[in-house]
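The values are calculated or read from the model by the stated rules, or taken from the named source; none is laboratory data. No experiment lies behind these values; they were computed from the predicted model shown. For neighbour counting, all protein chains shown are included, and Cβ atoms are generated from backbone atoms with ideal geometry for every residue, glycine included. Remember, those area values only see protein heavy atoms, side chains included, never the ligands or the DNA or RNA. Shrake-Rupley method; radii C 1.70, N 1.55, O 1.52, S 1.80 Å.
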Amino acid sequence: MNLDTNRYQRQIQLKEIGQLGQDKISNAKVLVIGAGGLGCPALQYLAAAGVGTIGIVDFDVVEMSNLQRQILHKNDNIGELKVISAKSTLNSLNPAISVEIHNDKITKLNIRNYLKNIDLVIDGTDNFTARYAISDACTELGIPWVYGAVYRYEGQVSMFHASKPEKRGLCYRCLFPDADSTSAAPNCTEAGVLGVVPGLVGVLQGAEALKYLLGIGTSLQG
């Protein structure tokens, strides 16, 4: 891709990043599953940082009630597929990157279709079925993924990366071994959430992704 150096000048000036680090970001391919409250802020910062290829998987449409926390979508996007709305905003922010969109719902049967040549996954989902599918597939393939979850006024962030071929390292099932352990937990639609909370968690997920791609900082893994 063509890198507009001026766009990233302040980022390149950071001695821990430099041109080599910016090249790593520009050559990276990140998949964000979910273009809602968590995915939107993560996507915005990944695009602004210049992540070369960003994949988005989401099956939902923009609703009025989304707008207080899903910052890529605007009033004019109501009724539009979230992946289309998100792609339009990201390309407007940074036309130099490639945004690949998939209008689909992640399941254990299709998750591997979207993980080819992916460097890292960000989980922006709000349901445990998708989360287990992400965890199991990423663990099997040795792909790092950044977990995020919110509940009312609080949130959680972590990094999971089970390395091949040993598949060692913590995974989501280390926290919640099976679906029965999460059955009582409501999602945002059921419990509600203060709009800024998923924003904070999503930004932390984006930061964790950039740390991993650049090989800097202290990972939240474990």
Screening 163, 158 for residues that are surrounded by 11 or more Cβ atoms within 10 Å (Cβ to Cβ) and at pLDDT below 90 leaves only 163
Filtering region 107-121 down to residues that are in contact with a Phe, Trp or Tyr (Cβ under 7 Å, 6 or more places away or on another chain) and either closer than 13 Å to residue 140 by Cβ or exposed (fewer than 12 other Cβ atoms within 10 Å of the Cβ) (or both) yields 121
For residue 173, the lone unmet condition from (1) within 18 Å of residue 106 (Cβ to Cβ); (2) modelled with pLDDT of 90 or more; (3) not hydrophobic (A, V, I, L, M, F, W, C) is (2)
Of those in region 39-68 that are open to solvent by 10 Å² or more (accessible area, probe 1.4 Å) and of a type in the set (A, V, I, L, M), the residue nearest to residue 23 (Cα to Cα) is 48
(1) farther than 29 Å from residue 133 by Cα; (2) free of Cβ contacts under 8 Å to residues at least 40 places away in the same chain; (3) part of a helix (DSSP H, G or I) all hold for residue 95 apart from (3)
Screening 130, 86 for residues that are crowded, with 22+ Cβ neighbours inside 10 Å, small (Gly, Ala, Ser) and either under 14 Å from the mean Cα position of the chain (by Cα) or farther than 30 Å from residue 170 by Cα (or both) leaves only 86
Counting only helices (runs of 4 or more DSSP H) entirely within region 5-66, those with at least 3 residues that are closer than 22 Å to residue 121 by Cα and not β-branched (Val, Ile, Thr) are 18-26, 39-49
Checked pairs for region 203-222, first within 19 Å of residue 170 (Cα to Cα), second buried (at least 17 other Cβ atoms within 10 Å of the Cβ) and of a type in the set (S, T, N, Q), C-beta under 9 Å and 6 or more apart or across chains, list as 208/158; 220/158; 221/158; 222/158
Note on residue 16: of the conditions (1) closer than 20 Å to residue 144 by Cβ; (2) surrounded by fewer than 18 Cβ atoms within 10 Å (Cβ to Cβ); (3) at pLDDT 95 or above, unmet is (3)
Result of the Cβ filter at 9 Å on region 115-142, keeping first residues that are touching a residue at least 40 places away in the same chain (Cβ under 8 Å) and on the phi > 0 side of the Ramachandran plot and partners that are of a type in the set (Lys, Arg) and surrounded by fewer than 21 Cβ atoms within 10 Å (Cβ to Cβ), at least 6 apart or interchain, is 117/29
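Restricting to strands (runs of 3 or more DSSP E) lying wholly in region 112-167: which have 3 or more residues that are closer than 19 Å to residue 192 by Cα? Walk me through it before giving the result.
Details: elements: 120-123, 145-151, 154-160.
The qualifying strands (runs of 3 or more DSSP E) are 145-151, 154-160.
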